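Peer 1: Shown below is the structure under consideration.
The values are calculated or read from the model by the stated rules, or taken from the named source; none is laboratory data. Every value quoted in this text rests on a predicted model; they were computed, and no experiment measured them. Here Cβ is always computed from backbone atoms with ideal geometry, including for glycine, and neighbour counts include all displayed protein chains. Accessible surface is based on the protein model in full, side chains and every heavy atom, while ligands, DNA and RNA are left aside. Shrake-Rupley method; radii C 1.70, N 1.55, O 1.52, S 1.80 Å.
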Amino acid sequence: THPTSASLPSPSFSVDTETLQNQIDELATFSDVPAPAVTRVLYSDKDVLARSYIKKLMEKAGLSIREDAVGNIFGRWNGKDTSLAAVATGSHIDAIPFSGKYDGVVGVLGALEAINVLKRSGFQPRRSLEVIMFTSEEPTRFGISCLGSRLMAGIEELADALKGTVDGQNISFFDAAKSAGYNLNHEDLKNVFVKKDHYSAFIELHIEQGPILEEEGLPIGIVTAIAAPASIKVEFEGNGGHAGAVLMPARNDAGLAAAELALAVEKHVLESGSIDTVGTVGIIELHPGAINSIPSKSHIEIDTRDIDEKRRNNVVEKVHQSAVSIAEKRRVRLSKFQIINQDPPALSAESIIRAMTIAAEKLNLSHKLMISRAYHDSLFMARISPMGMIFIPCNKGYSHKPEEYASMEDIANGVKVLALTLAKLSVD
Ligand code: HGY
Ligand code: MN
Ligand code: MN
Ligand code: MN
């Protein structure tokens with residue numbers, strides 16, 4: 001027989017908070033901008049330094065390390081029965097420009113500390129436990145969110161799309177990967193796909209990136225669902241010209257078309273009738289970008305989400321109609337309306353919600369069920385494995401900016417809930 005839950009580590013096990021804080025601070029130094037901001041973009045030099053830092057910590061934790069073709073990194077603690085599907089946990093360490101040092105990082109360094117906590121407590125896993133550092137969760141470099149977990153989920157369209165994918169400097173995905181030491185060609189992408197029964201469970205520890213837990217004084221959030229994200233690239237083209245000499249009736253200003261579409265995004269989101277529908281325009285680029293030259297081209301990128309997929313799709317549809325009507329009215333060309341991703345929401349598995357709840361209760365940590373409005377690699381891991389997420393509070397809900405902060409007490413609580421959940425699922 002295998003150990004019953006009685007042999008699970010006693011809740012008194014402890015987190016090495018000093019070491020964990022030092023690791024968070026050290027990882028944050030691998031950044032293209034000065035502290036307290038962090039910028040760490042896929043396959044950049046700083047990303048490569050951060051990757052070796054993580055692999056060093058995996059080695060120190062006694063894990064066997066594997067990397068796949070695109071740089072998803074796996075650290076495995078072999079269980080007593082290696083024929084069983086493993087329990088996985090993990091997150092990302094890439095960071096959007098001028099962001100913070102906890103988004104994703106808490107779920108990678110915290111997962112490694114959860115493994116160390118279990119090892120120090122003498123726990124022996126039945127199912128192997130595996131920590132995953134996903135190669136890139138943020139869309140920063142190639143406009144593709146959750147690139148590593150999307151590929152692991154076996155999304156063929158992405159594998160095909162990567163053939164022609166280039167970044168803002170016109171560097172191809174494959175050349176960028178090669179510069180970081182990942183020598184792959186298109187055929188290798190299929191080896192990134194993970195079979196549905198490869199993992200028995202996947203759990204991600206993450207800061208809430210919202211204010212609810214802090215406002216309600218709760219140390220733990222148990223995620224029931226992840227909202228459905230969509231991103232769209234739009235381009236308008238006009239004749240441009242001299243900002244002084246061309247009279248208004250003769251203009252077809254691509255910049256003002258972009259501005260009007262941005263406000264249309266807000267209008268369609270607010271019209272949805274639900275507080276759960278959100279949208280913004282995070283990128284607006286004007287060409288030629290001179291104060292006295294009428295923009296002849298505009299490039300805007302739209303992010304819209306909702307926990308309800310139909311409502312979110314309705315916003316995407318209305319934004320498309322607005323783009324067409326604005327182009328007509330302003331006599332500009334709608335030269336691009338490209339939906340980059342339009343993903344369904346993901347539901348957490350009941351079995352994992354239960355395991356996380358039991359863990360929080362064993363630790364006397366008050367908790368609540370909640371949805372994640374941010375997306376995560378868990379959104380795609382849910383397609384190949386039962387999924388769950390553990391949230392911890394973050395300061396005023398701040399995230400994706402340098403003021404992002406989570407206290408070591410909150411992080412340690414999250415690590416302990418994760419450790420107990422992993423232990424329980426490993427003996428199931
Ligand atoms: O944008 C998101 O939801 C995630 O934090 N990258
Ligand atoms: Mn049994
Ligand atoms: Mn993020
Ligand atoms: Mn994240």
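Peer 1: Can you give the extra length, in nm with one decimal, that the chain gains between ASP45 and PHE98 once fully stretched, where that is 0.36 nm per residue apart less the Cα-Cα distance?
Peer 2: 17.4 nm
Peer 1: Accessible area per residue for the stretch 198-273 in Å², computed with a 1.4 Å probe and the full protein assembly in place, what is it?
Peer 2: About 38 Å² of surface per residue is accessible.
Peer 1: Let me ask you something else. Of all the C-alpha pairs in the chain, what % are more than 33 Å from each other?
Peer 2: Tail of the P(r) past 33 Å holds 36 percent of the pairs.
Peer 1: On a 0 to 90° scale, report how tilted helix 45-60 is relative to the longest principal axis of the chain, with both axes built from alpha carbons and the result rounded to the nearest 10.
Peer 2: 10 degrees
Peer 1: Counting each DSSP H run of 4 or more residues in the chain as -39500 (n - 2.57), what helix-only mean residue ellipticity at 222 nm follows after dividing by all residues, to the nearest 500 deg cm²/dmol?
Peer 2: -10500 deg cm²/dmol
Peer 1: Read phi for every residue in the stretch 26-40 and hand back ³J(HN,Hα) as whole Hz from Karplus 6.51 cos²θ - 1.76 cosθ + 1.60, θ = phi - 60°, with x for Gly and Pro.
Peer 2: Coupling constants for the stretch 26-40: 5, 4, 5, 6, 7, 8, 8, 9, x, 4, x, 6, 9, 10, 9 Hz.
Peer 1: Long-range amide H contacts for ASN341: which residues qualify at under 5 Å (H placed 1.01 Å from N, peptide plane, sequence gap of 5 or more or a different chain)?
Peer 2: When sequence neighbours closer than 5 places are left aside, the close amide H contacts are SER231.
Peer 1: Just name one of LEU334, THR280, VAL265: the one whose Cα is farthest towards the positive end of the charge dipole of the chain (beta-carbon charges, Lys/Arg +1, Asp/Glu -1).
Peer 2: My answer, from the dipole projection, is LEU334.
Peer 1: LYS318: which lysines have alpha carbons under 20 Å from its alpha carbon, excluding same-chain residues fewer than 8 sequence positions away?
Peer 2: Result set, ordered by chain and number: LYS233, LYS267, LYS310, LYS329, LYS336.
Peer 1: Could you give each residue of the stretch 182-190 its phi-based ³J(HN,Hα) in whole Hz, using Karplus coefficients 6.51, -1.76, 1.60 with θ = phi - 60°, and x for Gly or Pro?
Peer 2: Ordered by residue, 3J(HN,Hα) equals 9, 8, 10, 10, 4, 4, 5, 4, 5 Hz.
Peer 1: How much of the accessible area of the stretch 91-142, probe 1.4 Å, is carbon plus sulfur, in whole percent?
Peer 2: 50 percent
Peer 1: Can you give me the distance in nm between label points at ASN239 and ASP276, each placed 7 Å from the Cα along the Cα-to-Cβ direction?
Peer 2: Taking the two extended label points, one gets 4.9 nm.
Peer 1: Give the accessible surface of the stretch 143-190 per residue, rounded to a whole number of Å², with probe radius 1.4 Å and ligands, DNA and RNA excluded.
Peer 2: Solvent-accessible surface per residue comes out at 45 Å².
Peer 1: Which value in nm describes the separation of the simple spin-label points at SER366 and ARG331, placed 7 Å from the Cα toward the beta carbon?
Peer 2: Spacing of the two 7 Å Cα→Cβ label points: 6.4 nm.
Peer 1: Report the gain in length on full extension from LYS80 to ALA290: 0.36 nm times residue separation, minus Cα-Cα distance, nm rounded to one decimal.
Peer 2: 69.1 nm
Peer 1: Quick one: in the stretch 228-342, what % of C-alpha pairs are over 22 Å apart?
Peer 2: Distances greater than 22 Å cover 33 percent of the Cα pairs.
Peer 1: If we count every other residue with Cβ under 14 angstrom of GLY79's Cβ, Lys/Arg +1 and Asp/Glu -1, where does the sum land?
Peer 2: Local charge sum for GLY79: +3.
Peer 1: Keeping to pairs on different chains or 8 or more places apart, tell me how many lysine pairs in the stretch 1-135 have Cα atoms under 21 Å apart.
Peer 2: Count of close lysine pairs: 10.
Peer 1: Compute the length gained on full extension between LYS396 and LYS56: take 0.36 nm times their separation in residues and subtract their Cα-Cα distance, giving the result in nm to one decimal.
Peer 2: Net length gain for the segment: 119.1 nm.
Peer 1: For GLU208, what is the net charge nearby, where nearby means another residue's Cβ is under 13 Å from its Cβ and Lys, Arg count +1, Asp, Glu -1?
Peer 2: Once all neighbours under 13 Å are counted, the net charge is -4.
Peer 1: Here's a follow-up. Run the quick spin-label model on GLU157 and ASP428: label points 7 Å from Cα toward the beta carbon, then report their separation in nm to one decimal.
Peer 2: Taking the simple label geometry, GLU157 and ASP428 are separated by 3.1 nm.
Peer 1: If you average the sequence gap of Cα pairs under 8 Å that are 6 or more apart and divide by the length of the chain, what percent do you get for the contact order?
Peer 2: For the chain, the relative contact order is 24 percent.
Peer 1: Would you please give the residues with an amide H less than 5 Å from that of MET389, counting only those at least 5 places away or on a separate chain, with H modeled from the backbone geometry?
Peer 2: Amide H neighbours of MET389: GLU204, VAL223.
Peer 1: Distance from the Cα centre of the stretch 248-323 to that of the stretch 345-405, in angstrom?
Peer 2: Value for the Cα centre distance between the two parts: 31 Å.
Peer 1: I want the local charge near ALA228. Using Cβ-Cβ distances under 15 Å, sum +1 for each Lys or Arg and -1 for each Asp or Glu among the other residues.
Peer 2: Combined, the nearby Lys, Arg, Asp and Glu give 0.
Peer 1: If you don't mind, there's one more thing I want to ask. How large is the accessible surface of MET370 in square angstrom, using a 1.4 angstrom probe and rounding to the nearest 10?
Peer 2: Result for MET370: roughly 20 Å² accessible.
Peer 1: Taking the full set of protein chains and a 1.4 angstrom probe, give the accessible area of HIS242 in square angstrom, rounded to the nearest 10.
Peer 2: Using a 1.4 Å probe on the heavy atoms, I get roughly 110 Å².
Peer 1: In addition: If amide H atoms are built 1.01 Å from N in the plane of the peptide, which residues on other chains or at least 5 residues away come under 5 Å of the amide H of ALA88?
Peer 2: Under 5 Å from the amide H of ALA88: GLU130, SER200, ALA201, PHE202, ILE203.
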